[in-house]
Amino acid sequence: MPTQHKIEAVEEMRKWMEECTIAISTDYTGLDVGAMTNLRRALREKGVHYRIVKNTLALLASEAAGRSAMKGLVEGPTGIAFGYGDPADPAKALSDFVRAARSPLKVRGGLMGDRVLSASEVATLASLPTRDELVARLLGQLQAPMSGLVHVLNGPIAGLTRVLQRHVENMGQEASGN
């Protein structure tokens with residue numbers, strides 16, 4: 001018979017799963033309390049919620065949220081990082097933490113929408129440039145032909161201006177030399 005506490009935990013986890021853009025499953029074996037606190041702090045700064053879950057409750061919540069694909073990602077000691085904005089942010093935050101803290105945390109995989117991601121796909125997602133960087137690159141690419149056109153169109157006018165300026169200077173030297 002489920003307790004009220006477990007029912008509330010499943011309901012809360014169901015909400016997280018419905019609202020998140022990505023859920024990344026991790027194996028936290030080997031993390032001590034201090035490392036877990038640092039992990040949670042680092043993820044919280046990026047707007048990512050990290051929760052240690054009971055597998056049976058996580059499976060019930062994923063079924064209730066309509067994300068049954070989560071079944072393959074929940075086994076053994078499991079912590080799930082829930083991201084609500086850019087899907088790359090939680091992957092980057094986890095990757096940065098593992099690299100900086102030399103943590104034994106292992107990424108098992110992820111769920112983005114209805115698509116299950118392998119651990120290598122999550123790592124690839126973490127290595128992608130941020131959305132802002134991609135937008136800046138796109139704007140630079142769009143702006144380059146326009147500035148090139150401006151320089152091409154400005155060339156004859158600038159050339160004519162230089163010729164006229166030199167002509168004025170030469171006339172001034174001839175007038176002062178006579």
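A few remarks follow.
- With K and R counted +1 and D and E -1, the other residues having a Cβ less than 13 Å from that of residue 39 yield a net charge of +4.
- Per-residue HN-Hα couplings for the stretch 108-113 [Karplus 6.51, -1.76, 1.60; θ = phi - 60°; Hz; x = Gly/Pro]: 8, x, x, 10, 10, x
- Cα-based helix-to-principal-axis angle, 33-45 vs the chain, degrees rounded to 10: 50 degrees
- Helix 131-177 axis, angle to the chain major axis (alpha carbon atoms, nearest 10°): 10 degrees
- With neighbour counts taken as other beta-carbon atoms within 10 Å, the residues 50, 28, 84 rank, fewest first, as 84, 28, 50.
- Contact order for the stretch 4-128, expressed relative to its length and based on alpha carbon pairs under 8 Å spaced 6+ residues apart, stands at 36 percent.
- Under 19 Å from the Cα of residue 71 - lysines, other chains or at least 8 residues apart: 6, 15, 54, 106
- When 52, 24 are sorted by how many other C-beta atoms sit within 10 angstrom of their C-beta, beginning with the fewest, the order is 52, 24.
- Helix 4-19 and the longest principal axis of the C-alpha atoms of the chain enclose an angle of approximately 20°.
- This structure gives Cα extents along the principal axes in Å, computed directly, and of (i) 76, 28, 27; (ii) 54, 38, 29; (iii) 112, 34, 27 that value is listed as (iii).
- Evaluated with a Cβ-only charge set (Lys, Arg +1; Asp, Glu -1), the stretch 4-128 carries a dipole of roughly 280 debye about its Cα centre, given to the nearest 20.
- Ranked for footprinting exposure by Cβ neighbours inside 10 Å, fewest first, 89, 96, 32 give 32, 96, 89.
- Charge dipole (the chain, unit charges on Cβ, about Cα centre) - positive-most of 142, 76, 57: 76
The numbers here are math on the coordinates, done by the rules we state, and not lab data. Since we're looking at a predicted model, the values are computed, not measured. So basically every Cβ, Gly included, is an ideal-geometry build from the backbone, and we count neighbours across all protein chains shown.
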